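Asks: Take a look at this one; I'll ask things after.
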Amino acid sequence: GVEYIDSYYFNQVEHIRFNSTVGKYVGYTEHGLKNAEAWNKGSELAQELGELERYCKYNAANHYSAVLDKT
């Protein structure tokens with residue numbers, strides 16, 4: 001399967017990540033944990049899931065069929 005990850009860094013430290021396998025934001029710092037909690041309850045999660053549906057799954061299907069066409 002395909003996994004989509006969207007990470008947010010500040011000063012070279014990952015603070016928060018959306019992971020399609022988990023299906024929500026996960027925080028890695030104190031600030032990231034607070035943001036993850038808020039983003040999972042707000043419109044940010046819906047936007048991220050929309051991007052996953054709109055872009056990732058659409059393109060994954062195209063890439064998969066292109067690979068099959070070459071074999």
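Asks: Take residue 37 and tell me if it is assigned to a helix (DSSP H, G or I), open to solvent by 70 Å² or more (accessible area, probe 1.4 Å) and modelled with pLDDT of 85 or more.
Replies: For residue 37, the condition - assigned to a helix (DSSP H, G or I), open to solvent by 70 Å² or more (accessible area, probe 1.4 Å) and modelled with pLDDT of 85 or more - is met.
Asks: Looking for something at pLDDT 90 or above, over 16 Å from the mean Cα position of the chain (by Cα), over 15 Å from residue 4 (Cβ atoms) and among the polar types (S, T, N, Q) - is there at least one such residue anywhere in the range 26-34?
Replies: The answer is yes, given that some residue of the range 26-34 is at pLDDT 90 or above, over 16 Å from the mean Cα position of the chain (by Cα), over 15 Å from residue 4 (Cβ atoms) and among the polar types (S, T, N, Q).
Asks: In the list 53, 14, 48, which residue meets the criterion of being at pLDDT 95 or above and of a type in the set (Asp, Glu)?
Replies: Values: 53 fails: at pLDDT 95 or above; 48 fails: at pLDDT 95 or above.
Answer to the selection: 14.
Asks: Restricting attention to the range 9-34, which residues are assigned to a strand (DSSP E or B) and open to solvent by 80 Å² or more (accessible area, probe 1.4 Å)? Don't jump to the end; show me each part of the working.
Replies: Going through the range 9-34, the residues assigned to a strand (DSSP E or B) turn out to be 9-10, 13-19, 24-27.
Result: 9, 10, 24.
The values are calculated or read from the model by the stated rules, or taken from the named source; none is laboratory data. All figures in this text were calculated on a predicted structure; none of them were measured in a lab. Note: ideal-geometry Cβ built from the backbone for every residue, glycine included; neighbour counts use all protein chains shown. With ligands, DNA and RNA removed, areas are computed over all heavy atoms of the protein, side chains included. Shrake-Rupley method; radii C 1.70, N 1.55, O 1.52, S 1.80 Å.
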